[in-house]
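The values are calculated or read from the model by the stated rules, or taken from the named source; none is laboratory data. On a predicted model such as this, the values are computed, not experimentally measured, just so you know. Cβ atoms come from the backbone with ideal geometry, glycine included; neighbour counts cover every protein chain shown.
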Amino acid sequence: MLLAANRWLTFTQEQEDPEGGMPLRKVAIVAVLANPYAGRYVDDLTPLIEASAALGEGMAAMAADAMHPYQAWGYGKGGVVGLNGEQEHVNALVTTAFAKPLRARLGGGKAWISSMTKRAAPGTSIDIPVAHKDALYVRSFYDGVTLTLHDAPGADEVAVIVALTNRGRIRARVGGLRPDEIKGADGLV
């Protein structure tokens with residue numbers, strides 16, 4: 001199965017650090033695809049899962065390019081399926097097959113990738129949760145990227161999203177593991 005994007009959306013937000021540190025840059029890449037299973041029940045979603053690997057590779061490259069000149073340290077994923085589809089369709093597109101190229105592109109990626117999916121009409125907003133790519137207990141990276149998809153997804157489409165951040169929240173101070181304390185052993189610490 002070939003997944004070709006009908007259109008691409010790129011969102012970028014940058015917030016200055018009032019204490020002079022590196023700005024917080026948030027990037028999201030959205031691929032709006034035709035949903036091959038819209039309007040019908042399909043028991044086996046394996047073809048969609050397998051096809052998502054190439055999609056993940058392309059989206060990882062686009063997201064890393066949009067993050068430039070910064071390196072991504074936080075990540076999240078998700079998507080919105082149109083009303084003629086099922087939430088399971090977008091979930092099939094953001095499994096491990098999709099995520100593996102993102103981890104490879106960013107280097108590391110020991111931690112699981114936070115995600116959010118839903119079924120909705122165009123104009124919906126979605127919050128993509130973000131966490132540190134190598135250790136979940138880095139609380140300063142608990143964040144999100146909020147997107148409003150004004151023209152997506154159509155009833156027979158699905159919007160797949162990758163979100164990246166280059167650092168933790170500005171003025172984060174609620175404890176947890178610091179990035180320089182990451183052991184990188186198991187994705188937790």
Listed residues Gly176, Gly187; which is under 23 Å from Ala97 (Cβ atoms), touching a Lys or Arg at 6+ places or on another chain (Cβ under 6 Å), modelled with pLDDT under 95 and not hydrophobic (A, V, I, L, M, F, W, C)?
Gly187
Which of the following residues is among the small types (Gly, Ala, Ser), farther than 17 Å from Trp8 by Cβ and either modelled with pLDDT under 95 or touching a His at 6+ places or on another chain (Cβ under 8 Å) (or both): Gly74, Gly85?
Gly74
Odd one out for Asp134, checked against (1) crowded, with 22+ Cβ neighbours inside 10 Å; (2) among the acidic types (Asp, Glu); (3) within 16 Å of Leu33 (Cβ to Cβ)
(3)
Among the residues of region 49-81, write down those that are free of Cβ contacts under 8 Å to residues at least 24 places away in the same chain and either in a helix (DSSP H, G or I) or of a type in the set (A, V, I, L, M, F, W, C) (or both).
Asp65
For region 122-181, enumerate the residues that are assigned to a helix (DSSP H, G or I) and hydrophobic (A, V, I, L, M, F, W, C).
Phe141
Restricting to region 113-126, count the residues that are within 17 Å of Gly168 (Cα to Cα) and surrounded by fewer than 19 Cβ atoms within 10 Å (Cβ to Cβ).
0
Filter result (assigned to a helix (DSSP H, G or I) and either surrounded by fewer than 19 Cβ atoms within 10 Å (Cβ to Cβ) or among the hydroxyl-bearing types (Ser, Thr, Tyr) (or both)) within region 83-97
Gln87, Glu88, Asn91, Thr96
For the subset of region 98-112 comprising residues that are at positive phi and in contact (Cβ under 8 Å) with a residue 12 or more places away in the chain, which member is surrounded by the most Cβ atoms within 10 Å (Cβ to Cβ)?
Gly109
Restricting to region 1-48, name every residue that is part of a loop (DSSP other than H, G, I, E, B), modelled with pLDDT of 95 or more and more than 28 Å from Trp73 (Cβ to Cβ).
Asn35, Pro36, Tyr37, Ala38, Gly39, Arg40, Tyr41, Val42, Asp43, Asp44, Leu45
Take the residues in region 117-163 that are within 15 Å of the chain's Cα centre (by Cα) and of a type in the set (Lys, Arg), then tell me which one is nearest to Thr12 (Cα to Cα).
Lys133
Could you tell me whether Leu102 is more than 14 Å from Ala28 (Cα to Cα), hydrophobic (A, V, I, L, M, F, W, C) and touching a helix residue (DSSP H, G or I) at 6+ places or on another chain (Cβ under 7 Å)?
no
When restricted to Met62, Met22, Met67, Met1, the only residue more than 20 Å from the chain's Cα centre (by Cα) and under 18 Å from Val145 (Cβ atoms) is Met22
